[in-house]
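What follows is a short report on a single structure.
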Amino acid sequence: MTPYDIIIIGSGPGGYVAALYASRFKRRVCVIEKADLGGTCLNRGCIPTKTMLHSASMLSKIKGAGEYGIEVSGVTVNFPVIAARKDLVVTRLRAGIETLFRANKIELLRGEAKLIRPDAVIVNGEEYGAKNIIIATGSRPMALPGIPFDEKKVYSSDGILNLKDIPKSIVIVGGGAIGCEFASLFNSLGSKVTIVELLDRLLPTQSREASKKLETLFKKRGIAVYTSTALESVERSIEAEKKLICVGRAPNIEGIGLEDLGIDIKDGRIAVDDNLRTSVQNIYAIGDCVAGPSLAHKASYDGMVACDNIIGDRRSVDYSNVPNCIWTDPEIASIGLNEEEARSKHPDLRIAKFPYLASGKAYIMGGGEGFIKIMGDPDGKIFGVEIFGLEACDLIGEASLAKSAEVNIKDWARVIHGHPTLSEIFQEAAHIFNGTAIHSL
């Protein structure tokens, strides 16, 4: 059999994007998937959680409609409909990937793949050859030692999406992005929520200011927050119907033949060079099974970088411009260094902060809670941007473009933004940075 140009093991946002990208260059591509097309992101992560969070956001808006002159009564939550809509969204998007695969002549093989040679894998007892192989096997939720997931009372972030009813009470172990998003979701739906975090604050990748602000807002909404706390120390005093464990993710690298081929492992993940090549010349690895942030868009980026290197357009990965998005209420998003990192690395750091309260559009929308921070050097080089507030996860795209394109903050202030829009916060913060503040003191 004529070998494929590329075999991709895994069809998550790294694998399926790599397949579609490579197909545009007329490469013959095969994707091997043992479960659902779309991987964790589409089936058990980004898409289903954000679908449910959107329902929760709609509920919050309806409950606050009186402030805008809209009187609403008799509001009830139909959780089975929320869950059904979540499943419908996932099904339709999965079907969309299947359609794209067919249109681009990408072959999809169902089954578990194992590497048997640098240029071949075996699936369902059949051997398939390829000039290049990309490992995109993703990751899975980590359990706590001695507390296995039973998906009945102790849930993983996968299993919690299959709930049939809103829990009366839930303890969430882990105050990172996933834990805080679920806390926001269940609090909005009426659950009594407790977060337990071993570190001294929520969201340790964000600035301390953002972490503290979210904790304050959570407490105002009735969410109990325990930081610098191990689960055992609160278990005896807190009774909860459900427990959700969100303490990190482990790469899916077992049983795929890495050891047989001598592929190097480093810190529990597949070791790759700057081109995402493993220690075996024509085998690449991307996404959650290699180092870097465990984010869907990072995996997609990896997939395209790996394909470019296979095709011959040499590229090295650069994770300094990967945006971080957290869909709490309000949303939090950032790119580059957070404030503490920037201060430790750059003694001449300059920070410009503009409050959402001074944004006309945010005020119109009733979302005055929040801020934007732009951090850079005195000459205007961007080190990082952090947004806490309405639509932060969409707005961060402009900051991603500005930082990736090395836009000078002095020039950013001169970019015309539509009025009234939330995007004006960038222009306002840039003006503050330059000493020409407009709508702030």
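Derivation of every value follows stated rules applied to the coordinates shown; laboratory data play no part. Here the structure is a predicted model, which is why all the values come from computation and not from measurement. A quick note on method: Cβ atoms are made from the backbone with ideal geometry, for glycine too, and the neighbour counts reach across all protein chains shown.
Here are some notes:
- Exposure proxy shown here: for 169, 23, 184, the number of other Cβ atoms within 10 Å sets the order, fewest to most, as 169, 23, 184.
- Shape metrics for the stretch 154-247, restricted to C-alpha atoms - Rg then Dmax, Å: 12.2, 36
- Helix-only [θ]222 nm of the chain, DSSP H runs n ≥ 4, -39500 (n - 2.57) each, per residue, nearest 500: -10000 deg cm²/dmol
- Residue pairs, from the table 86/114; 105/131; 219/373, whose Cα atoms sit over 21 Å apart: 86/114; 219/373
- Between 0 and 90°, nearest 10: helix 424-434 axis offset from the chain longest Cα axis: 80 degrees
- Helix axis angle, 177-189 relative to the chain longest principal axis, alpha carbon, degrees: 60 degrees
- Fraction of beta bridges assigned by DSSP in the chain that are antiparallel (%, nearest 5): 55 percent
- Under 18 Å of direct C-alpha separation, and excluding same-chain neighbours fewer than eight residues apart, residue 192 reaches these aspartates and glutamates: 165, 181, 215, 235, 239, 241, 329.
- Which of 431, 419 has the fewest Cβ neighbours within 10 Å, and the rest in rising order: 419, 431
- Here, the stretch 330-434 is characterised by an Rg to Rh ratio of 0.94, where Rg is the alpha-carbon radius of gyration and Rh the Kirkwood radius.
- Relative contact order (%) - criterion: Cα under 8 Å, at least six apart; region: the stretch 93-178: 11 percent
- Qualifying GluC sites (Glu not before Pro) for the stretch 227-304 [loop in DSSP, other Cβ within 10 Å: at most 16]: 239, 241, 254
- Vicinal HN-Hα couplings computed from phi for the stretch 266-279 (Karplus, 6.51 cos²θ - 1.76 cosθ + 1.60; Hz; Gly/Pro x): 9, 6, x, 10, 5, 7, 9, 8, 5, 9, 6, 8, 7, 6
- Each of 280, 272 was scored by other Cβ atoms within 10 Å of its Cβ. Arranged with the fewest first, they read 280, 272.
- Of 152/266; 26/266; 164/298; 212/403, pairs whose Cα-Cα distance is over 30 Å: 152/266; 26/266; 164/298
- On Cα atoms only, tilt of 392-404 relative to the major axis of the chain in degrees: 70 degrees
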